[in-house]
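Here is the structure we will look at, set down as structure tokens.
The values are calculated or read from the model by the stated rules, or taken from the named source; none is laboratory data. Just so you know, these numbers come straight off a predicted model, no measurement behind them. All Cβ positions, glycine included, derive from the backbone under ideal geometry; neighbour counts span all protein chains shown. Surface accessibility is based on the protein's heavy atoms, side chains included, excluding ligands, DNA and RNA. Shrake-Rupley method; radii C 1.70, N 1.55, O 1.52, S 1.80 Å.
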Amino acid sequence: MRRAFFVLATLLAFLFSGGYLQLFVAALILAFGIRLAYVLLRWRMRPRLLSGWIFVIALGLLLTSAAGEPGRRTRRANAAAVRQDVVARGAHATPRDRCVGRLLDWWDEEGARQATPGWTKPRFRVFVARICRRADEQHVLNGDGEIAPRELKRLWLS
């Protein structure tokens, strides 16, 4: 039963590493260091250094690191902000930057076809920056840069 638990922890740790062998091995090295510290602290009981608990510790490390990462929608919005030259690096994007990037991506995909004459991307960029600023000031801007459709319509038309 215990071995099945360790095998399950190993498989889950590999899945949480995203299938990246380097990340999985790095988590195992850190887990080995934690296990070594435990063995040194409990030296009178003489626990085994190499144990299946290393995989459980590695799984815990990977889970805690995954909990601190931004979600998929935020990562996509960060990528849009970088792609649209709103920010240089996605890690530096604020919700307002993500909002501008997302709306400029919409312009590239659909907006240019639906636009009335006289609307260009530079002009739309200024308009969108103003909308995202107002949404942020009115606290209707989500962390991933999305504005609720009803609020977006109100801001768009005002």
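Looking only at the stretch 99-141, which residues are among the aromatic types (Phe, Trp, Tyr) and open to solvent by less than 60 Å² (accessible area, probe 1.4 Å)? Before you say what the answer is, go through the steps one by one.
So in the stretch 99-141, the residues among the aromatic types (Phe, Trp, Tyr) come out as 106-107, 119, 124, 127.
Passing the criteria: TRP107, PHE124, PHE127.
Give the number of residues within the stretch 115-158 that are closer than 19 Å to VAL86 by Cα and in contact with a helix residue (DSSP H, G or I) (Cβ under 8 Å, 6 or more places away or on another chain).
Adding up the residues that qualify gives 18.
Output the number of residues of the stretch 142-153 satisfying the condition of being open to solvent by 30 Å² or more (accessible area, probe 1.4 Å) and either touching a His at 6+ places or on another chain (Cβ under 8 Å) or closer than 20 Å to ALA79 by Cα (or both).
At the first step, the residues of the stretch 142-153 found to be open to solvent by 30 Å² or more (accessible area, probe 1.4 Å) are 142-143, 146, 148-153.
Within this subset, residues satisfying the condition of being either touching a His at 6+ places or on another chain (Cβ under 8 Å) or closer than 20 Å to ALA79 by Cα (or both) are 142-143, 146.
So the count comes out to 3.
For the stretch 138-153, how many residues are touching a residue at least 24 places away in the same chain (Cβ under 8 Å) and either in contact with a strand residue (DSSP E or B) (Cβ under 8 Å, 6 or more places away or on another chain) or at positive phi (or both)? Full working, then the answer.
From the stretch 138-153, those touching a residue at least 24 places away in the same chain (Cβ under 8 Å) are 141-147; that's our starting set.
Pick out the ones that are also either in contact with a strand residue (DSSP E or B) (Cβ under 8 Å, 6 or more places away or on another chain) or at positive phi (or both) and you get 141, 145, 147.
Selection size over the stretch 138-153: 3.
Scan the stretch 109-137 for residues that are free of Cβ contacts under 8 Å to residues at least 12 places away in the same chain and of a type outside the set (A, V, I, L, M, F, W, C) and report the count.
So the first thing to find is which residues in the stretch 109-137 are free of Cβ contacts under 8 Å to residues at least 12 places away in the same chain, and the list is 109-110, 112-120, 122-123, 126-127, 130, 137.
When the remaining residues are screened for being of a type outside the set (A, V, I, L, M, F, W, C), the result is 109-110, 113-114, 116-118, 120, 122-123, 130, 137.
Qualifying residue count for the region: 12.
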